[in-house]
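Beneath this line is the structure, given in structure tokens, with notes to follow.
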Amino acid sequence: MPVAHPEPQDARVIAHIDMDCFYVQVEQRKQPELRGKPAAVIQYNSWKGGALIAVGYEARAFGVKRSMRGDEAKKVCPDIQLIQVPVARDKSDLTLYRDAGSEVVAVLARKGRCERASIDEVYLDITDVATSMLLENPPEVLESVDEEVLKSHILGVNKDDRDQKQMVKEWLCRNDADNHDKLLACGAIIVAKLRKEVLTVTEFTCSAGIAHNKMLAKLASGMHKPAQQTVVPSASINELLASLPVKKMKQLGGKLGASLESDLGVHNVGDLLQFSEEKLQNHYGVNTGTWLWNVARGMSGEEVKGRILPKSQGCGKTFPGPRALRTIESVEHWLGALCEELSDRVESDLKQNKRVAQTLTLHARAYKVDDSESQKKFPSKSCPLRYGSAKLHEDARKLFESALREYMGIYGTDKQAVAGGNNWRIIGLSVAATNILATPQGVTSITKFFSTSNPPSSSSLECDRNIQESISFSTPSVIIQDVRPPRWIWITRWIWIKNWDNQVHQMRRLSI
Ligand code: TTP
């Protein structure tokens with residue numbers, strides 16, 4: 001459930017940068033002859049021409065949509081170029097796109113606190129640069145305003161037939177604007193410049209939302225695409241939210257949004273304004289109630305976290321229709337491929353960024369053949385992460401078996417029983433490394449990291465034993481009961497259990 005963060009007293013300037021049709025742009029940079037042509041990236045799968053995962057804007061003009069298969073896209077746009085996602089270990093390999101996203105982050109991180117939110121999205125807190133600009137070189141003294149800035153969309157301003165660029169210029173350079181709007185005007189100038197830098201350095205276009213908080217910036221970045229930016233002045237918030245369906249708001253797409261519609265008759269975010277904070281708290285609890293009350297007013301104090309490296313590393317594969325996995329052996333095979341990739345990625349993160357992943361999590365999507373409990377979710381399982389692809393594979397396999405037993409309501413370890421009479425099908429499988437921590441400065445190896453994480457009083461012999469204990473276990477549930485890990489592991493585990501729901505959600509969304 002969402003939690004309210006108090007809105008800071010001083011106005012912040014936050015930008016949400018979202019790359020345009022990202023995978024298509026990456027492919028077009030690789031093959032410049034595809035530039036300007038209708039194109040889409042398709043997933044590794046030949047059924048009906050493959051699933052479209054990214055559609056270029058030229059193809060969108062013909063009516064091509066992400067929900068289409070390749071064959072359908074060819075029908076509506078015969079000239080479309082379908083580019084297959086790179087493949088490694090019989091599955092999509094997103095390294096090319098991940099690295100391209102990192103190039104963008106490297107440019108953006110020069111200007112302010114930067115949070116990489118997904119493979120192609122970044123939040124930036126540019127309050128400090130905007131404040132300095134307002135003090136030293138405010139928009140109203142500028143002799144000329146760059147064309148890219150003048151193409152901005154200012155919500156609540158671009159309304160009549162007058163010259164849009166002239167109106168934007170007037171809004172940006174108003175003498176009588178309040179401090180909040182002046183800061184946003186500076187933000188618009190800074191972000192337009194940054195977007196141009198991103199284009200120069202990486203050859204990619206992006207769109208942006210500029211507002212006083214993350215929630216509004218994210219809403220705005222998708223409003224005018226591609227290669228455009230949208231500013232949300234405080235005066236436009238009520239109008240924006242009045243017609244915004246609740247489902248479009250981050251964190252209201254699921255059960256909470258559905259409950260708002262069915263229980264309170266709330267269809268648009270602005271409809272929430274009619275309810276008191278107390279009433280919302282009575283319905284949804286103190287935290288969520290306050291969060292909803294704030295959302296209705298466009299308020300959110302959520303910080304931009306200074307994080308340019310991914311919070312988690314994940315890789316998965318789907319097995320739709322007849323390709324659903326139906327035997328333990330086939331699941332083991334695919335877990336092997338996924339763990340090899342995950343192992344490469346955590347090793348390279350350790351080497352390049354000196355970060356250690358602590359938790360291995362397995363997720364799957366499944367259904368039962370007899371379908372009696374089709375709603376039951378396949379449980380996600382986690383355990384401490386051991387480095388090395390064979391160890392990862394072994395642990396992932398055990399996590400899967402444990403989850404499958406729970407899913408099928410089978411107790412016992414007999415292999416036959418675990419297979420559950422093969423009355424199940426797996427249609428999605430993923431493994432993820434989470435709880436990734438930076439190793440303390442000067443610590444270069446994983447063993448040293450674990451050693452230094454122990455209480456200083458421990459003897460080195462004891463440290464070694466603790467390391468051994470913490471990484472050797474037979475089934476994930478056994479670790480908690482059978483071994484006695486050092487205190488830091490208990491503390492980490494406690495935090496991990498406490499944040500569990502939140503982590504699973506974040507991991508799915510943020511895994512880069
Ligand atoms: P998005 O930002 O959702 O979309 P986009 O960048 O392709 O297009 P837009 O200009 O509308 O923002 O996704 C970023 C990339 O993530 C996208 O290029 C491909 C990939 N992706 C998938 O692989 N599967 C998906 O279901 C989605 C939504 C995206």
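The values are calculated or read from the model by the stated rules, or taken from the named source; none is laboratory data. No experiment lies behind these values; they were computed from the predicted model shown. No Cβ is skipped: glycine too gets one built from the backbone with ideal geometry, and neighbour counts run over all protein chains shown.
Exactly one condition in (1) farther than 30 Å from ILE126 by Cα; (2) out of contact with any helix residue (DSSP H, G or I) (no Cβ under 8 Å at 6 or more places or on another chain) is not met by HIS283; state its number. Failed condition: (2).
Residues of the range 25-69 that are within 12 Å of the ligand (Cβ to nearest atom), of a type in the set (Gly, Ala, Ser) and either part of a helix (DSSP H, G or I) or touching an Asp or Glu at 6+ places or on another chain (Cβ under 8 Å) (or both): ALA39, ALA59.
Apart from one condition, VAL122 fits all of (1) within 12 Å of the ligand (Cβ to nearest atom); (2) outside any strand (DSSP E or B); (3) modelled with pLDDT of 95 or more; the exception is (2). In the range 25-78, of all residues being loosely packed, with under 15 Cβ neighbours inside 10 Å and small (Gly, Ala, Ser), the one that is nearest to the chain's Cα centre (by Cα) corresponds to SER67.
Scanning the range 249-290 for residues that are under 22 Å from MET223 (Cα atoms) and of a type in the set (S, T, N, Q) turns up GLN251, ASN268. Checked against the criterion of being crowded, with 21+ Cβ neighbours inside 10 Å, within 16 Å of the ligand (Cβ to nearest atom) and of a type outside the set (D, E, K, R), the candidates LEU219, LEU260, LEU252 yield just one match: LEU219. Taking residues in the range 214-238 that are more than 23 Å from GLN25 (Cβ to Cβ), and partners anywhere that are within 16 Å of the ligand (Cβ to nearest atom), the pairs with Cβ atoms closer than 6 Å and at least 6 places apart or on different chains are LYS214/TYR123; VAL232/ALA220. Remark: pairs (first residue in the range 313-327, farther than 9 Å from SER430 by Cα; second residue among the basic types (Lys, Arg) and modelled with pLDDT of 90 or more; Cβ separation under 6 Å; 6+ apart in sequence or on different chains) = GLN313/ARG345; ALA324/ARG425; ARG326/ARG425.
If I ask for residues that are at pLDDT below 95, part of a helix (DSSP H, G or I) and out of contact with any strand residue (DSSP E or B) (no Cβ under 8 Å at 6 or more places or on another chain), which ones from the range 390-413 would you list? Selection gives GLU401, ARG405, GLU406. In summary, ASP10 fulfils each of the numbered conditions (1) modelled with pLDDT under 90; (2) touching a helix residue (DSSP H, G or I) at 6+ places or on another chain (Cβ under 7 Å) with the single exception of condition (2). Looking only at residues in the range 96-110 that are of a type outside the set (Ser, Thr, Tyr) and more than 12 Å from the ligand (Cβ to nearest atom), the one that is nearest to PRO86 (Cα to Cα) is ASP99.
Test ARG113 against the criterion of being over 17 Å from PHE204 (Cα atoms) and more than 14 Å from the ligand (Cβ to nearest atom), and give yes or no. Taking the combined requirement at face value, the residue satisfies it.
In the range 42-56, which residues are more than 19 Å from PHE319 (Cα to Cα) and among the hydrophobic types (A, V, I, L, M, F, W, C)? Hits for the range 42-56 are ALA54, VAL55.
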